[in-house]
Amino acid sequence: MARPRHGGDVWGDLDVRDYSSNVNPLGPPPRLAEYIANAASELHCYPDDSCARLKEAIASRYDVSADGVIVGAGSAELIRLFAEVFISPGDKVVMPCPTFAEYSFGCRLMGASVVDHTLPEDDGFALDVAELSSQLDGAKAVYVCNPNNPTSRMTGKRDLLDLIEEAARKEVLVFLDETLLELSSRSEELSLIPEVERLENLFIIRSFTKSFAMPGLRIGYGFGSKEMLRFMEVGRLTWNLGTIEQRVATMLMEDEQDHVSKAVRMLESEKRRMHSQVGRIMGKVSMPDSYFFFAPLDSLEISSSEFRRHMLRHNVLVRDCSSFGDACSRYTRFCVKTPEKDDEFLHALSSAVDDIREGRF
């Protein structure tokens with residue numbers, strides 16, 4: 001097995017402008033350094049293993065019980081923990097394809113048989129919940145990412161509820177990734193967090209990484225029934241969140257929601273401007289459901305990895321989507337940022353496309 005590949009690989013070269021990772025374009029809140037400095041005074045003590053204060057802040061923000069909240073070292077830890085606790089050798093697990101690679105990797109580590117539900121390219125990689133539900137017989141779990149990574153497609157709340165209810169009838173667990181939803185204007189409309197306490201087979205993850213643009217601090221959180229989380233709490237790593245992470249995350253959850261809301265408003269309008277300009281440069285590109293583009297490269301007759309190299313010549317990093325499967329090797333993914341940063345991206349994109357069409361390799 002090979003480890004999954006991800007975007008954001010700009011460490012060591014800060015001159016490269018990263019458009020490959022889908023984080024808050026406003027960056028971290030201005031007071032982040034202050035929060036970190038204040039928390040550093042407590043490092044002589046072990047962190048609270050229960051993360052009680054942080055769970056209370058998350059529960060208050062989303063109007064759920066703190067008993068229905070779990071936290072981890074990034075959403076990646078919770079992805080792995082879910083598989084470690086609930087997936088056994090020989091279990092059948094169903095997931096759309098393409099989607100985030102960590103899901104299948106964690107399940108295969110536990111010995112599961114992963115059944116790919118191929119999303120139709122000719123329908124823009126949309127998820128047909130009825131077809132996905134038809135594959136659940138005998139499965140232990142089904143995974144859904146909303147909006148999906150890398151395709152940016154969203155699935156409606158009613159469709160997701162139908163899937164969860166069908167899964168419950170077949171005694172199948174549902175893993176729902178909402179880490180990319182919070183920066184969408186449709187977050188409240190589509191989120192199933194308000195439903196999670198009554199849906200005993202549902203587990204949802206979210207993350208501070210995307211909402212607060214701080215992937216260097218690993219803080220993720222999840223929601224599930226009290227019974228489900230009881231098992232996960234037993235199985236998680238002791239002291240999985242340090243004191244700095246707990247204190248900073250609590251302050252962000254309590255005091256910095258306006259920072260996220262401001263980014264959402266900007267992204268919604270900027271996405272439309274970007275769609276028009278990207279289409280002018282690259283040819284027809286679908287309007288993304290979320291705040292990142294999944295753009296075909298057929299008109300340029302170039303692969304995703306080759307396109308990434310061309311953009312890097314202009315100090316811009318985009319996502320090489322070939323790791324998501326063969327169908328995605330002809331697509332690239334890049335995020336929407338601030339108007340100023342998007343203008344820089346569009347200039348680099350125009351130059352790179354000119355290079356490709358003129359054969360300047």
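Things to note:
- Inter-site label distance for D63 and D326 at 7 Å from Cα along Cβ, in nm: 4.8
- Antiparallel %, DSSP beta bridges [both residues in the chain], to 5: 45
- Note on L109 and D128: the model spin-label points, each 7 Å out from Cα along the C-beta direction, lie 3.4 nm apart.
- Packing-based ranking, highest mean first, of 70-79, 347-356 given that Cβ atoms within 10 Å are counted: 70-79, 347-356
- Per residue, the solvent-accessible area of region 43-126 (1.4 Å probe, heavy atoms of protein chains only, all protein chains present) comes to 42 Å².
- Dipole magnitude of the chain, debye to nearest 20 (Cβ charges: Lys/Arg +1, Asp/Glu -1, about Cα centre): 520
- Only helical runs count toward this figure. For the chain, summing -39,500 (n - 2.57) over DSSP H runs of n ≥ 4 and dividing by all residues gives -12500 deg cm²/dmol at 222 nm.
- Kyte-Doolittle mean at least -1.0 and Cα axial length at least 27 Å: DSSP H helices in the chain: 257-282
- Signed unit charges on C-beta, dipole axis of the chain, positive-most listed residue S75, Q277, M228: Q277
- Probe 1.4 Å, protein heavy atoms only - accessible area per residue of region 203-278 in square angstrom: 40
- One equal scatterer on each Cα of region 33-188, no solvent, Debye formula: the resulting log10 I(q)/I(0) at q = 0.13 Å⁻¹ is -0.71.
- Solvent-accessible area assigned to carbon and sulfur over the chain amounts to 48 percent, based on a 1.4 Å probe.
- Cα gyration tensor shape for region 138-268, rounded if a/c is under 1.5, else prolate or oblate: oblate
- The shape of region 95-171 comes out oblate: with a ≥ b ≥ c from the C-alpha gyration tensor, a/c is at least 1.5 while a/b does not beat b/c.
- Take each peptide in 203-216, 15-28, count the other Cβ atoms within 10 Å of every residue, and average; sorted highest first, the result is 203-216, 15-28.
- Scoring 103-112, 39-48, 147-156 by mean Cβ neighbours within 10 Å over their residues and listing the highest first yields 147-156, 103-112, 39-48.
- At R0 = 25 Å, FRET efficiency that the Cβ-Cβ distance of M287 and E121 yields, to 0.05: 0.90
- Global geometry of region 1-113, whether rounded, prolate or oblate, following the gyration tensor of its Cα atoms and the 1.5 cut on a/c: oblate
- Euclidean distance between Cα centres, region 56-70 to region 178-242, Å: 10
- Residues of type lysines that K55 reaches as a straight line, Cα spacing below 22 Å, ignoring anything fewer than 8 places off in the same chain: K210, K226
- Counting only Cα atoms, the chain measures 60, 52, 37 Å along its principal axes, largest extent leading.
The values are calculated or read from the model by the stated rules, or taken from the named source; none is laboratory data. All of these numbers come straight from a predicted model, not from anything done at the bench. Neighbour counts run over all protein chains shown; Cβ positions are idealised from the backbone, glycine included. Surface accessibility is based on the protein's heavy atoms, side chains included, excluding ligands, DNA and RNA. Shrake-Rupley method; radii C 1.70, N 1.55, O 1.52, S 1.80 Å.
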